[in-house]
1. Find the residue count for the range B:245-264, including only residues that are within 14 Å of chain A (Cβ to nearest Cβ) and either more than 20 Å from the chain's Cα centre (by Cα) or charged (D, E, K, R) (or both).
2. Within the range B:353-372, track down each residue that is over 15 Å from B:Gln319 (Cα atoms), of a type outside the set (S, T, N, Q) and not in a strand (DSSP E or B).
3. Can you find a residue in the range B:98-106 that is within 30 Å of B:Tyr201 (Cβ to Cβ), surrounded by 24 or more Cβ atoms within 10 Å (Cβ to Cβ), modelled with pLDDT of 95 or more and among the aromatic types (Phe, Trp, Tyr)?
4. Taking B:Ala211 as meeting all but one of (1) assigned by TED's automatic domain parsing to the domain that holds B:Pro300; (2) in contact with a helix residue (DSSP H, G or I) (Cβ under 7 Å, 6 or more places away or on another chain); (3) surrounded by fewer than 24 Cβ atoms within 10 Å (Cβ to Cβ), write down the number of the exception.
5. Taking the stated definitions as given, is B:Thr109 modelled with pLDDT of 95 or more and either touching a helix residue (DSSP H, G or I) at 6+ places or on another chain (Cβ under 6 Å) or assigned by TED's automatic domain parsing to the domain that holds B:Phe129 (or both)?
6. Quick one: which residue in A:Val106, A:Val175, A:Val134 is in contact with a strand residue (DSSP E or B) (Cβ under 6 Å, 6 or more places away or on another chain), in contact (Cβ under 8 Å) with a residue 60 or more places away in the chain and closer than 18 Å to A:Leu85 by Cα?
7. For the range A:94-184, list the strands (runs of 3 or more DSSP E) that sit wholly inside it and hold at least 3 residues that are facing chain B (nearest Cβ under 8 Å); which are they?
8. For A:Thr71, indicate whether it is free of Cβ contacts under 8 Å to residues at least 24 places away in the same chain and either over 24 Å from B:Gly273 (Cα atoms) or assigned to a loop (DSSP other than H, G, I, E, B) (or both).
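The values are calculated or read from the model by the stated rules, or taken from the named source; none is laboratory data. If you're wondering where the values come from, they're calculated on a predicted model, not measured in any experiment. When we count neighbours, we look across all protein chains shown, and the Cβ atoms used for this are built from the backbone with ideal geometry, even at glycine.
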Amino acid sequence: MKLMKLTLVAVMALGLAACDKDKGAVDEIPVGGSANGQAGNGTGAGGTAGNTGSVSQSSLDASSIEYFKQTIGDRVLFAVDKTSLTAEGAELLDRQAAWLLGNPGVSVLIEGHADEQGTREYNLALGARRASSVANYLVSKGLPDGQVKTITYGKERPIEVCSSESCYAKNRRAVTVVAGGLGS
Amino acid sequence: MKKTIKCLLSAALLALAPSVSHAQDGVLRLELNKGVIEPMPIALPVFVGADAASNKLAAEVTSVIVSDLIGTGLFREIPAEAHISKVTDFNQAVEFANWKAINAQALVTGAAEKSGDTLKLKFRLHDVFAQTPVGDGVQFSANANDWRRMAHKVADTIYSRLTGEAGYFDSRVVYIAESGGKANRTKRLAVMDYDGANNRYLTDSKSIVLAPRFSPNAREIVYTSYETGEPRVFIMNVDTLKRRALSTAEGMTFAPRFSPNGEKIVMSLAERGNTDIYLVDVASGAKQRLTNSSAIETAPSFSPDGSQIVFESDRGGGQQVYVMSASGGAAKRISNGKGRYGTPVWSPRGDTIAFTKMVDGRFHIGVMRTDGSGEKVLTTSFLDEGPTWSPNGRVIMFFRETSGADGAPALYSVDITGMNLKKIKTPTHGSDPAWSKVLN
C-alpha cells in the first residue's frame, strides 16, 4: 500500500498527468512534501506547486511549506515608513506562530523589505526593523529565539515593479521564510 | 589583477620663456562665484605630434582635454574650422592677432611625443588678449597606456589656472553596475574614470552589492555585500581585488565610509532591528558605538577635518540630517525645510553638505551649509539619490532612477550652482556613485 502511494507520487511529480481521473487519490498526495526543504526566499512571485489546475484543486498537506505560504500566509504588509504591525498583520502572525509551534524543529528567516520610495540605506534600516517587528512578535508567542533570524533587503528586491501605491503596498513587506527540518 | 597602476606622472617646468611674472591682478581668470557664468571661449588646437605614431595619440589626448574642459560648462570651444593659425610647431611664436580675431580668450598649445612606451606631453596656456602666457609651460611624462590620465592632468592644470581652483578630471568613480529587470536586478561593483572611460568590473553578479566608497588614497573601497547571506561591510583592494569582511561580529552592517585619514570606517550596524552608527578601526576591527537610540541612525559621513560626522536619523519622526562629534554624543539637527532628508555627504571643502531631499513624492539633490542654512535644491525627479562630491567640491554626481516597471537608474552630475546637469555614460545601468580624490 505504501509502495503504491510512493509510486503514485513519483508519477505525479513527473507528469502531473494521472491526477484528473481519480480525485480521491490526489487528495492524499502531499503536494510539495517534506523533501522540499528549500523554501522560496519571498522575493519570487509565486509558489512552487506547479502550474496545472488539477494540482491546485487538491488540498495541501497542512504541514507543508506550501500550506504555510498559501493557506496561513507568509507575509505581512506595512504602512508607508512604518514598522509596527497592523491588526491584520498581528492576526496573520498569530496563525504563523501556531503553525510554527506545531512544527517544531523548523527555523525561520524573516526578510524585511521596503518600497522604492526612500533612500537605499534608510530602507535597509527600515527593512531590518520590519523584520525585527515580526521576529519579536513570533518570539513573544513562544517561538524559540534561536529559531528566528532576520535579514533586510531594503528596496533591493521588489516583487511588484510598478511605481504606484498598488505595488508599493505589496513591496512594504516582511516575509517569513520557513527552512529546514520540516516535521516527519 | 595584473598591474598595480603605477602612473609615473612627473611634472617638470619648462624653462622656455623667461618667467613672466605679471602682477596678479591682470591674470586671466574665470570667476566661479558669480551668479551666472558666461563660458570662456577657448581654442585648443590639436597637440603637435613628434611623428606619425605620436600624431594619433596627440589627437586623442587633445580630445580628452577638450571634453574635460568643455564638459564643465565653464568653457566654450572655438572649433578647429574657425582657427586662422595652424599650430605645427610647439616652439613657434603664437600669432596672437589670429586668435584674437576669432575671439579666443584662452589658447592652449601643446605637443606629444611617444618614444618606446613613454609618452611625453608638453603644453602652454596663453592669455590671447594680454598676449602673455598663463603660468609656465608644463611637461608630463608617463607610460603611454596612461595617456588618458595624462590628458586629465593637463586639463586639471588648465582648469586650475583659469579658475583659481583645484581641478578634478584625474579622478575615478566607483559605482554599482546594474543589469536585468526591476524585480530580479543583478548588481556588480565597477570602477571607471570620472568621465566613464576605462570601465572595469570588480565583482561578479552573484551577490547584491551596494554603495561603494573610496578610501582617501583611492586604492581601497568599502561597500556592502550580501555574499555571506546578509548585508555586511567589506573592504576591497581595487588593484588586487582582495577583499575581506570588515567585522565578523554578528549583525547586519551597511552604509560605510572612510575617515579622512583612512584609518577608520564609520558605518551602520542593525542589531535586533535597531540601526545605530559605529566607528570601526580598519586594522584591528575594534568597534566603538557612536549613537544609542531606538531610532534609525544611518548614512554617516565625516567632515574633512575628521572632527565631526553628519548622518541621518528618524529620531524626530521622519528622516532628517544631524551633526555630531566624531566621538559621538549629542547631535544637532541641521535640516529644517519641508520634507525628509537623507544621505548627507560632507563636501571636501568642509563648508557644505549635500543631501537627498524627499518632498511631495519627488526626490531632489541639494546642498546646504553645515549649520543647515542656505539650502539650495539642485535637481528634481521621480527618484534622485546618493550625492557624491567631485574632489574640488564644485560638482556633485548622483543617480537618477526612472519610474515604472521599466524604471532603471543612471549616473548624472550637476554643478553646485545647479547648472550643467549631465548624464554619465556607463555600459549598463548605474547607481550609488562615489567619487575618489584626485589621483596621485
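1. Taking the range B:245-264 first, the residues within 14 Å of chain A (Cβ to nearest Cβ) are B:250-257.
This time we only want the ones that are either more than 20 Å from the chain's Cα centre (by Cα) or charged (D, E, K, R) (or both), so: B:250-254, B:257.
Looking only at that region, the number is 6.
2. B:Asp371
3. To start, the set of residues in the range B:98-106 that are within 30 Å of B:Tyr201 (Cβ to Cβ) comprises none.
Within the range B:98-106, none of the residues are within 30 Å of B:Tyr201 (Cβ to Cβ), surrounded by 24 or more Cβ atoms within 10 Å (Cβ to Cβ), modelled with pLDDT of 95 or more and among the aromatic types (Phe, Trp, Tyr).
4. Result: B:Ala211 passes all but (3).
5. Working: modelled with pLDDT of 95 or more: yes; either touching a helix residue (DSSP H, G or I) at 6+ places or on another chain (Cβ under 6 Å) or assigned by TED's automatic domain parsing to the domain that holds B:Phe129 (or both): yes.
Yes.
6. Details: A:Val106 fails: closer than 18 Å to A:Leu85 by Cα; A:Val134 fails: in contact (Cβ under 8 Å) with a residue 60 or more places away in the chain.
From the options A:Val106, A:Val175, A:Val134, the qualifying one is A:Val175.
7. Details: elements: A:107-113, A:148-154, A:173-179.
Because the criterion is at least 3 residues that are facing chain B (nearest Cβ under 8 Å), the strands (runs of 3 or more DSSP E) in the range A:94-184 that meet it are A:148-154.
8. Values: free of Cβ contacts under 8 Å to residues at least 24 places away in the same chain: yes; either over 24 Å from B:Gly273 (Cα atoms) or assigned to a loop (DSSP other than H, G, I, E, B) (or both): yes.
Against the criterion (free of Cβ contacts under 8 Å to residues at least 24 places away in the same chain and either over 24 Å from B:Gly273 (Cα atoms) or assigned to a loop (DSSP other than H, G, I, E, B) (or both)), A:Thr71 qualifies.
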